[in-house]
Amino acid sequence: MRELARRALDAARSKGAGYADVRIARFLRQSINTREQRVMNISNSESFGVGVRALVDGTWGFAAVSRVEPEGVDKAAARAVAIAKANRVAQARPVVLAKVAAYKDAWQTPVVKDPFKIPVERKVDLLLAINREALKVKGAAFCNSSMFFVKEEKLFASTEGSEIEQEIIRVLPSFTVTAVDKAAGKFRTRSSLAEPTGTGYEYIERWPWMEEAGKAAEQAVAKLTAKSVSPGKYDLILAPSNLWLTIHESVGHPTELDRALGYEANYAGTSFLTTEKLGKLRFGSPIVNFVADRTQPEALATCGYDDDGVPTGEWDLVKDGVFVDYQTTREQAGWIGRDLSYGCAYADSWSSVPFQRMPNVSLRRGKEKLTLEELIADTKQGIFIEGNSSYSIDQQRYNFQFSGELFWEIQDGKVAGMLEDVAYQAITTDFWNACDRICSEGYALGGSFFDGKGEPGQSNAVSHGCAPARFRQINVLNTARTV
Amino acid sequence: MSLTRDEAKGIVEQALKLTKAEECSVSLSGGRDANIRFAKNEVTTSGDAEDAALSVRASFGKRSGSASVNQFDGAALERCVRQAEETARFAPEDPEHMSVLPPQAYREIAAFAEEAGDLAPERRADVAKKAIDLAKARKVVIAGFFTSSGGFQAIGNSKSLFGYHRQSRLTFSATARTPDAQGSGWAGNNGERPEDVDAIGLSRAAVEKAFLSAKPRELAPGAYTVILEPAAVADLFLYMGFSMGARPADEGRSFFSKKGGGNKIGEKVLSEKVTLWTDPADPRAPGAPFAPDGQATRKMAFVENGVVTNLDYSRYWAQKQGKEPTPQPQNIIMKGDTGSLPDLVKDTKKGVLVTRLWYIRFVDPQTILLTGLTRDGTFAVENGKIRHAVKNFRWNDSPISVFSKIDAMTREVRARGSEAEDFSVVCPAIRTQFTFSSLSDAV
């Protein structure tokens with residue numbers, strides 16, 4: 001493979017590329033889907049190919065082919081250079097890449113058990129056992145469960161001398177129980193609170209599936225008759241299983257530098273965090289600190305090097321409530337006067353062009369010693385929300401609306417019962433400035449396997465860590481409707 | 001990687017010969033996708049990718065397994081087939097297993113333009129440059145995306161079924177923003193042939209909307225008479241379509257479930273102005289003559305004059321319920337009326353004109369309640385004229401409610417939604433009632 005990679009770089013250079021990089025990658029995926037006592041599908045896929053990126057006079061070209069052989073890499077290199085040359089007519093400012101050292105290295109997700117080596121029967125048995133356990137509960141009508149595994153094996157090489165091999169593994173287990181009241185024409189679901197992770201099969205072995213399946217089924221049934229929320233302002237306590245998605249949408253995306261500068265205007269949108277606000281804008285209350293990293297153990301965006309060949313690290317995005325930094329790639333670092341990239345380039349396939357994707361973005365734990373139980377006890381009237389379901393935010397990341405899986409009414413410091421039909425809506429900076437307490441205990445990671453961005457659309461896997469936190473007087477909607 | 005009918009058939013037959021399974025179905029698809037992106041009035045990234053993938057589903061009795069690979073040498077094909085077989089041997093019996101179909105009659109559908117799959121990079125760069133030049137001349141900032149692709153799909157199985165289809169696709173979209181970032185306009189569309197997509201006309205429309213949408217005024221959230229442009233209608237149809245499975249309806253977990261049991265086929269749930277069908281051979285949005293499971297695709301109505309006439313039946317569920325199965329729809333077509341968007345605006349005394357919707361997600365599947373936002377051109381209409389831009393809104397509403405309250409619409413046209421960007425939709429602009437729930441500062 002290394003010889004083919006070098007051949008691609010030589011071919012790009014000989015055609016006129018000032019810089020080129022190549023990724024030869026194999027993506028393995030396995031998915032198993034079940035419902036009740038039936039296996040709906042077991043599938044394995046393998047995708048192998050080579051992608052070459054070339055810079056000619058400061059203009060990018062990219063081409064990829066699935067034939068990983070001398071003729072194929074020559075074709076990809078020649079096409080990448082031809083595209084770069086053709087596109088020069090529409091380039092205003094030449095691309096300048098931030099400096100990076102040449103690395104010859106290897107990195108792999110530190111897994112205990114490679115999920116691709118676990119027998120399919122074991123996985124099927126577990127999924128069917130989850131469904132069986134859930135359906136023991138009276139009123140639980142259906143249960144779907146699934147596992148999805150990804151392994152990326154990739155070799156990156158550049159004309160600057162790097163040759164980096166990586167093996168990245170991610171797992172995504174899930175189930176959903178549905179309770180149906182046919183007479184009333186009503187149904188409710190409750191999905192697992194398990195998260196996708198950058199681990200091996202050991203995560204699946206340590207999650208308490210049977211306990212959660214029974215509880216989830218009881219809660220799905222209870223949702224059918226739970227009290228419908230009265231709309232208004234509430235103090236919200238958000239569990240990590242809910243808050244990670246709010247962090248993702250309202251902190252992760254607006255701190256992407258390409259969005260802030262208008263490079264995603266035609267699709268995902270821009271950002272309210274424009275560059276003149278850097279170091280000045282009070283994003284949240286003084287206890288709010290967001291850190292970006294691609295190094296956190298078990299997180300989905302964690303890797304050794306990004307797809308620019310930059311070693312990964314950790315940096316602050318929001319410090320003591322103030323917006324202080326962005327996510328960057330080699331191309332972007334110079335846009336805000338930085339010498340080095342934060343290593344946020346990623347391509348979701350050998351056939352996709354690398355561009356800026358979100359690292360793990362996490363809310364630091366609170367400094368005061370505080371548990372979830374103490375936080376609930378400290379809340380007079382509010383709602384405690386676990387899990388996530390509906391989510392939506394505007395194209396500049398001001399106005400968002402989120403829902404959840406489980407809503408618990410808090411009255412006088414105690415959980416008073418279940419609520420339904422809850423969604424919370426806020427403006428990003430109002431919401432984070434309303435954060436008055438963050439627990440020191442109960443930090444957990446949540447994440448997305450399929451975060452979409454770019455044209456053509458690419459999918460990124462990313463985690464967000466946080467502990468339970470409280471937000472004062474947030475607008476809550478009632479989502480029940482009659483149509 | 002584009003393969004001819006004979007080349008594709010050769011690989012399909014080679015895979016079928018290798019299998020020791022009692023039944024086997026194979027699908028093979030691929031092509032060449034090329035694109036150019038631009039933003040801030042210059043080119044950004046671009047790409048050209050060639051690929052093809054073979055999927056094999058092997059069955060022993062009622063046990064099945066699947067595998068796919070994108071390499072076609074003998075060893076790779078054998079590995080793929082064996083992996084599918086091995087998975088099948090370990091899989092539990094599927095009580096809903098359906099045997100593969102015998103050969104079907106597939107019609108030829110013209111959906112391929114040779115040029116689209118082999119467009120020179122200079123042609124794409126030229127399109128981007130013309131859009132950028134147009135924006136510079138008007139002193140706005142433009143971002144956009146242009147793709148050209150050509151590909152094929154083939155299916156085959158151990159009962160000698162075989163199908164082959166070629167499809168090309170061009171897409172163009174552009175967002176123009178005023179330099180002060182206070183106005184934003186969008187336009188976009190898809191087609192099968194280069195002449196179907198008027199990139200310059202769309203760029204011009206995006207630029208005009210950017211100017212028109214500058215300096216928006218606030219309207220109070222609430223229920224409004226709204227004109228939804230086709231891009232917005234396409235997205236709402238897509239979300240309603242997601243909810244039209246017959247099985248979830250019969251199982252009591254869908255809007256289309258009937259209280260007490262059964263489903264809403266035969267019930268009037270939308271305005272009598274709504275007639276909705278799919279037709280793979282419609283030249284305005286042509287699709288494949290076969291579905292992935294081998295069924296021949298055909299014209300099928302789902303809603304006629306507001307009455308639900310069909311839901312989506314898989315082969316298994318159709319057999320169990322004594323219905324005809326519905327092959328996967330290749331497009332969605334809604335019958336329109338006469339007249340254009342300007343005619344509809346002219347006919348509107350007071351309302352809000354919405355260019356497109358954004359970040360649409362389910363809030364409650366029970367009522368198909370969705371939330372999302374308006375984007376890139378939201379305007380107040382008074383006495384038949386666009387009076388001024390209004391601030392974008394977040395909305396919470398159901399397509400069932402929106403499509404129940406239609407009182408006027410235009411002729412139907414090819415449309416490209418924000419969420420349904422790659423799905424082929426033909427629909428009109430509609431005038432209806434819509435509920436905005438809060439304001440957004442986003443431009």
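Every number in this text was worked out from the coordinates using simple rules, so none of it is lab data. Here the structure is a predicted model, which means the values were calculated and not measured. Neighbour counts run over all protein chains shown; Cβ positions are idealised from the backbone, glycine included.
Some notes on this structure:
- Pairwise FRET efficiency - residue A:339 versus residue A:316, Cβ, R0 = 22 Å, nearest 0.05: 0.80
- When each of the peptides A:186-192, B:18-24, A:49-55, A:349-355 is scored by how many other beta carbons lie within 10 Å of its residues on average, the order from highest to lowest is A:49-55, A:349-355, A:186-192, B:18-24.
- Mean Cβ count within 10 Å, highest first, over the residues of peptides A:105-116, A:236-247, A:446-457: A:236-247, A:446-457, A:105-116
- Of all aspartates and glutamates in the structure, the ones whose alpha carbon falls short of 15 Å from that of residue A:223, not counting any fewer than 8 places away in one chain, are A:181, A:386, A:405, A:409, A:420, A:421, B:364.
- Region A:2-225: mean projected area of Cα convex hull, nm²: 16.9
- Counts of other chain beta carbons within 10 angstrom of each beta carbon in peptide A:51-63 average 3.
- Charge dipole (Cα centre; +1 on Lys/Arg Cβ, -1 on Asp/Glu Cβ; no other charges) of chain B amounts to roughly 1220 debye.
- Extension gain, residue A:117-residue A:373: 0.36 nm per intervening residue step, less the Cα-Cα distance, totals 88.1 nm.
- Cross-link check: pairs A:233/B:259; B:209/B:350; A:151/A:453; A:227/B:259 evaluated at a Cα-Cα cut-off of 28 Å; pairs beyond the cut-off: A:233/B:259.
- Selection among B:368, B:438, B:410 by position relative to the dipole of region B:329-439 gives B:438 as farthest towards the positive end (Cβ unit charges, Cα centre).
- Set of aspartates and glutamates near residue A:85 by C-alpha distance (under 18 Å), chain-local residues within fewer than 8 positions excluded: A:10, A:21, A:57, A:74, B:42, B:48, B:118, B:122, B:126
- Normalised radius of gyration (Cα atoms, divided by 2.2 N^0.38 Å) for region B:5-212: 1.36.
- Spin-label pair residue B:4/residue A:278, simplified geometry with 7 Å Cα→Cβ offset, distance in nm: 5.6
- All distinct Cα pairs of region A:128-213 go into the 1/r average, and the inverse of that average, the Kirkwood radius, is 15.5 Å.
- Förster-model FRET efficiency, 22 Å R0, residue B:298 and residue B:321, C-beta, rounded to 0.05: 0.70
- Relative to the longest principal axis of the Cα atoms of chain B, the long axis of helix B:121-137 makes an angle of roughly 10 degrees.
- In order along region A:306-316, the phi-based Karplus estimate (6.51 cos²θ - 1.76 cosθ + 1.60, θ = phi - 60°) of 3J(HN,Hα) comes to 7, 7, 9, x, 9, x, 8, x, 9, 7, 8 Hz; Gly and Pro are listed as x.
- Cα centroid of region A:296-332 to Cα centroid of region B:46-65, whole Å: 35
- Summed residue charge, Cβ within 9 Å of residue B:381's Cβ, Lys/Arg positive, Asp/Glu negative: +3
- For region A:228-478, a simple Cβ point-charge model (Lys and Arg +1, Asp and Glu -1, everything else neutral) yields a dipole of about 580 debye relative to the Cα centre.
- Under 12 Å, Cβ to Cβ, from residue A:255 - net charge with Lys/Arg +1 and Asp/Glu -1: -2
- Here the 3J(HN,Hα) profile of region A:324-336, calculated from phi with Karplus coefficients 6.51, -1.76 and 1.60 at θ = phi - 60°, is 10, 6, 10, 9, 9, 10, 4, 5, 8, 3, x, 4, 10 Hz, Gly and Pro shown as x.
- Region B:216-443 pair-distance distribution - Cα-Cα, 10 Å bins, rounded %: 8, 32, 35, 18, 6, 1
- Just so you know, the Rg over Rh for chain A is 1.00, from Cα atoms, with Rh as the Kirkwood radius.
- Footprinting exposure proxy ranking of B:357, A:155, fewest other C-beta atoms within 10 angstrom first, gives A:155, B:357.
- Rg ratio (alpha-carbon, reference 2.2 N^0.38 Å) - region A:184-244: 1.46
- With Cα atoms defining each centre, region B:139-209 and region B:369-442 are spaced 21 Å apart in the structure.
- Under conditions of 37 °C and 0.692 mPa s, chain B yields 139 µm² s⁻¹ as its translational diffusion coefficient, taking Rh as the Kirkwood radius over Cα pairs in the Stokes-Einstein equation.
- Descending semi-axes in Å of region B:192-267, equivalent ellipsoid built from Cα gyration tensor: 38, 22, 8
- Chain A: angle of helix A:70-87 to the longest principal axis, Cα-based, in degrees nearest 10: 90
- Sites residue B:337 and residue B:198, calculated FRET efficiency, Cβ-Cβ separation with R0 22 Å, nearest 0.05: 0.40
- Close amide H contacts of residue A:422 (hydrogens built in the peptide plane, cut-off under 5 Å, sequence separation of 5 or more or a different chain): A:479.
- Cross-link partners of residue B:346 among aspartates and glutamates, defined as those whose alpha carbon lies under 19 angstrom from its own and excluding same-chain residues fewer than eight positions apart: B:208, B:229, B:337, B:382, B:407, B:412.
- Our coupling estimate for region A:427-434, obtained by passing each phi through the Karplus curve with A = 6.51, B = -1.76, C = 1.60 and θ = phi - 60°, is 9, 3, 6, 4, 5, 6, 6, 8 Hz, Gly and Pro reported as x.
- Intensity falloff of region A:1-84 expressed as log10 I(q)/I(0), Debye formula with alpha-carbon point scatterers, at q = 0.12, 0.17, 0.19, 0.20 Å⁻¹: -0.42, -0.62, -0.71, -0.77
- Amide H contacts for residue B:263 (H built 1.01 Å from N in the peptide plane; partners 5 or more residues away or on another chain; cut-off under 5 Å): B:258.
- Sequence-distant residues sharing a close amide H with residue B:309 (under 5 Å, placed H): B:266, B:303, B:304
- For the protein assembly as shown, the Kirkwood hydrodynamic radius comes to 28.6 Å, computed from all pairs of different C-alpha atoms.
- Helix B:199-212 vs. chain B, principal-axis angle (Cα, 0 to 90°, nearest 10): 40
- Candidates B:117, A:63, B:179 compared by Cα position along the dipole of the protein assembly as shown: farthest toward the positive end lies B:179, with charges placed on Cβ.
- For region A:228-478, the fraction of alpha-carbon pairs lying more than 31 Å apart is 22 percent, rounded to a whole number.
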